[in-house]
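The structure appears right after this line, and notes come after that.
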Amino acid sequence: QLVESGGGLVQAGESLRLSCAVSGRAVSGRPFSDIAMGWFRQAPGKDREFVGRSAATNGYTNVAASVKGRFTIARDNAKSTMYLQMDSLKPEDSGIYYCAAGIFTAQSLKVDHWGQGTQVTVSS
C-alpha cells in the first residue's frame, strides 16, 4: 500500500512537502529499497503527468522540466518513505499528487502501483 500525505492549501510562493509511505513489502513483495518510485499529478480536466522519480539504488532522482529548480525528490529507505519537496509553488501546480511505484523508462516511470492521491491547491 502506498499512502500519500502532506497535501493542502497554500499561497503562491509557499512550500509543501509530500510524503509517500510504503507499507511492508506492499509492492510485489519487494522491500522499499528495491523499488523505483515516482510522483505524478493531475489537474482537473488534464491528463496525469509525470513530476519526478527516484531510483531504487544509487540515489538517482530527476524531475520534470516544469518543476525543475523548485521541486526535489528524496527517499528514506529506512522509513520506506519517499518525499516531494515543493518550493515556490505556483497556482498551476495545483492538482492531485500521486505516489507511484514501478520501473524506470527513458523519461518517466512505468507504474504498476499507485497511491490514492493527495490534493495540493495553490492560491494566487
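The values are calculated or read from the model by the stated rules, or taken from the named source; none is laboratory data. Just so it is clear, the model here is predicted, and its values are computed rather than measured. Here Cβ is always computed from backbone atoms with ideal geometry, including for glycine, and neighbour counts include all displayed protein chains. To get the accessible areas, we keep the full protein, side chains included, count just its heavy atoms, and leave off ligands, DNA and RNA. Shrake-Rupley method; radii C 1.70, N 1.55, O 1.52, S 1.80 Å.
Please give the length that would be gained between A106 and A74 if that part of the chain were fully extended, namely 0.36 nm times their separation in residues minus their C-alpha to C-alpha distance (nm, one decimal). List each step's numbers first, then the result.
Details: separation 32, 0.36 × 32 = 11.52 nm, distance 1.99 nm.
My answer for the length gained is 9.5 nm.
Work out from phi, with θ = phi - 60° and the Karplus expression 6.51 cos²θ - 1.76 cosθ + 1.60, the ³J(HN,Hα) of each residue of region 63-78, listed in order in whole Hz, and give x for Gly and Pro.
Karplus-based 3J(HN,Hα) across region 63-78 equals 10, 5, 4, 5, 10, 4, x, 10, 10, 9, 10, 9, 9, 10, 5, 5 Hz.
Less than 9 Å Cβ to Cβ from N62, Lys/Arg counted +1 and Asp/Glu -1: what total charge do the surrounding residues give?
Working: positive: R53, K68; negative: none.
Summing Lys/Arg as +1 and Asp/Glu as -1 gives +2.
Any chance you could check the Cα centroid distance between region 8-32 and region 39-72 for me, in angstrom?
Computed from Cα coordinates, the inter-centre distance equals 12 Å.
Sorted by accessible area (1.4 Å probe), largest first, how do R48, R53 line up? Before the final figure, lay out the partial values.
Working: R48 90, R53 15 Å².
Largest accessible area first, the list is R48, R53.
Say each of S124 and N62 gets a label point 7 Å from the Cα, pointing the same way as Cα to Cβ; how far apart are those two points in nm?
My value for the distance between the label points is 3.2 nm.
Taking the full set of protein chains and a 1.4 angstrom probe, give the accessible area of K68 in square angstrom, rounded to the nearest 10.
Accessible surface of K68 is approximately 150 Å².
Carbon and sulfur atoms: what percent of the 1.4 Å accessible area of region 1-75 do they account for? Walk me through the numbers before you get to the answer.
Numbers: 1840 of 3800 Å².
The nonpolar share, carbon plus sulfur, comes to 48 percent.
Would you mind getting the accessible area per residue of the chain, heavy atoms of the protein chains only, 1.4 Å probe, in Å²? Don't skip to the end; give the middle numbers.
Values: 6190 Å² over 124 residues.
Dividing the accessible area of the chain by its residue count gives 50 Å².
From the phi of every residue in region 22-35, what ³J(HN,Hα) in whole Hz does the Karplus formula 6.51 cos²θ - 1.76 cosθ + 1.60 yield, where θ is phi - 60° and glycine or proline is x?
10, 7, x, 10, 5, 9, 6, x, 9, x, 3, 5, 9, 10
Local charge sum around D87 (other residues, Cβ-Cβ under 12 Å, Lys/Arg +1, Asp/Glu -1)? Numbers along the way, then the final one.
Numbers: positive: R17, K68, R70, K90; negative: E14, D93.
Here the charged neighbours net out to +2.
How much net charge surrounds S23 when only other residues with a Cβ under 13 Å from its Cβ are counted (Lys, Arg +1; Asp, Glu -1)?
Values: positive: R25, R30, K79; negative: E4.
Here the charged neighbours net out to +2.
For the residue pair A43 and R17, what label-to-label distance in nm results when each label sits 7 Å from Cα along the Cα-to-beta-carbon direction?
Going by the 7 Å Cα→Cβ label model, 2.7 nm.
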